[in-house]
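Structure first, then comments.
The values are calculated or read from the model by the stated rules, or taken from the named source; none is laboratory data. Everything numeric here is computed off the predicted structure, so don't read it as measured data. Quick reminder, even Gly has a Cβ in these numbers, built from the backbone with ideal geometry, and neighbours come from all protein chains shown.
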There are 2 protein chains.
Amino acid sequence: MGFSEATRVEHRGGTWSAAIEPGWDIGGNANGGYLLVLAARAMALATGSPDPVSVTAHYLRPGKAGPVRLEADAVRVGRRFATATALLLAGENPLLQTVGTFGDLTQAEGPERVDAVPPELPDPDDCVRIHPDSGKDPSFMSQVDLRLHPEDTGFREGRPSGEPRVRGWFRFPDAEPVDTLGLLLAVDSFPPTIFNARLPVGWVPTLELTAHVRARPEPGWLRCAFSTRFVTGGFLEEDGEVWDASGRLVAQSRQLALVPRAKP
Amino acid sequence: MGFSEATRVEHRGGTWSAAIEPGWDIGGNANGGYLLVLAARAMALATGSPDPVSVTAHYLRPGKAGPVRLEADAVRVGRRFATATALLLAGENPLLQTVGTFGDLTQAEGPERVDAVPPELPDPDDCVRIHPDSGKDPSFMSQVDLRLHPEDTGFREGRPSGEPRVRGWFRFPDAEPVDTLGLLLAVDSFPPTIFNARLPVGWVPTLELTAHVRARPEPGWLRCAFSTRFVTGGFLEEDGEVWDASGRLVAQSRQLALVPRAKP
């Protein structure tokens, strides 16, 4: 089941329903980007605007495979942008609270000034494919086609690079084009940057994720880079950039995660 | 009227009320950080948790001085963290939709790894004071004590530095300590970074602002740095860092703003 089908949302009689499909999980808990896409689809429907310009999700509980429902409300529908909230629930348990501003990015233009370049990556076939068949990667990784920069895969062999950074290519495995909702999955699909730091950190639950979408991506592989500068106060941020095949920045993301110590 | 008094929120019978005080505006529209603090106070009350760990605001309409009300709801109250939403309204007009996760940062600790240093700044008295008395700065600047790095003030003389960056010191003018809610004001108090780029940009309305608070600041001046790397697609981001007197990163922020062309 491809991305669009696995994230479909139905709207009937003022309520939205969806399903957390099996196989989109990491150790039984649905990927955070996947949950965000469900909420973003409901917000897009509630606002009547297709593209998420800025969306934020606060993660309340892990999501397990099964039916979910959504409460989505348009807060304001303006001429260019519309803002909505959505709450994703399993039964009576809230999983995700989101807010987002949506628009139509077909005509995304303005003055340009970019002080950054896309990450340099070897060809996808010279990168390391992240896939459950490896025996090292979670089942979620069969839903995406991830190719990691060979310098950033040391954590998989117990030899973290020492630099909290992960770079790589992203696409869908079935050639489905990545749309602006797919970008919300892309920014949360890569292994945590902190796996490449030499810190006693076992797992990093996401508290909050914000993604900005700047443009609709051109078809083709996406270049992605994630890094962390501040592990402090019991938290870490992970900053992401996604560039399309034309060399344009299409999304920026930041998430705040907890830094629990590894179990002794 | 100091920061705490100017941002007080009253809770009676399930609704919250507040006032946008005069003098906290830029050209008649209330500062965005100031509006965010009103909503954050309501969310802190709704959750029973004092410190904003991660808050996001989507700006819907400019706020004018006068009474406002807030609809705040706790979405989930957990053991360590609690999440709420708040909508700030003037009459029936929504101004601001927010979501936030709150906690108690008295004991913010964990493994430390920081790949950054506080911005180097001349002493506050050797920096440029930003204040309405200058004839160049908006009335809001009398509510905060801002001292800008002399290299970053060129825009005030019509000579932007060419680098979209603004660095400086922040405190309250009346020696009121900056608490974690005050940090939400600090991250939106400085002149826009884009004023220092050489681009035909007249004004930059904020669409969305997210702030992460990592720790309660020590008393004293805060070192702040704001920068922009991506002006593209009709949007720009502005990234902020706030460091306290002990040299600790206490807040990180990112906002997404629109880039309208200057009027011809």
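The sole residue among B:Phe195, B:Phe190, B:Phe155, B:Phe140 that is among the hydrophobic types (A, V, I, L, M, F, W, C), over 16 Å from B:Ala245 (Cα atoms) and in a loop (DSSP other than H, G, I, E, B) is B:Phe190.
Yes/no matrix, rows are residues, columns are (1) assigned to a strand (DSSP E or B); (2) of a type in the set (Val, Ile, Thr):
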| site | (1), (2) |
| --- | --- |
| A:Ala39 | no, no |
| A:Met43 | no, no |
| A:Pro52 | yes, no |
| A:Gly63 | no, no |
| A:Ala86 | yes, no |
| A:Thr106 | no, yes |
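Taking the conditions exactly as written (within 26 Å of A:Ser161 (Cα to Cα), modelled with pLDDT of 95 or more and in contact with a helix residue (DSSP H, G or I) (Cβ under 6 Å, 6 or more places away or on another chain)), does A:Ala186 satisfy them or not? Here the answer is no, as A:Ala186 does not meet what is asked. For segment B:116-154, the set of residues classified as within 21 Å of the chain's Cα centre (by Cα) and of a type in the set (Ser, Thr, Tyr) consists of B:Ser139, B:Ser142, B:Thr153, listed by residue number. Is it fair to say B:Ala44 is surrounded by 15 or more Cβ atoms within 10 Å (Cβ to Cβ), touching a helix residue (DSSP H, G or I) at 6+ places or on another chain (Cβ under 9 Å), within 14 Å of chain A (Cβ to nearest Cβ) and closer than 27 Å to A:Phe235 by Cβ? No, not satisfied.
Count of segment A:15-30 residues, restricted to those that are part of a loop (DSSP other than H, G, I, E, B) and surrounded by fewer than 24 Cβ atoms within 10 Å (Cβ to Cβ), is 5. Selection over segment A:230-251 of residues that are outside any loop (DSSP other than H, G, I, E, B) and more than 7 Å from every other protein chain (Cβ to nearest Cβ) gives a count of 9. Does A:Glu218 count as more than 14 Å from every other protein chain (Cβ to nearest Cβ) and among the acidic types (Asp, Glu)? No: the conditions fail for A:Glu218.
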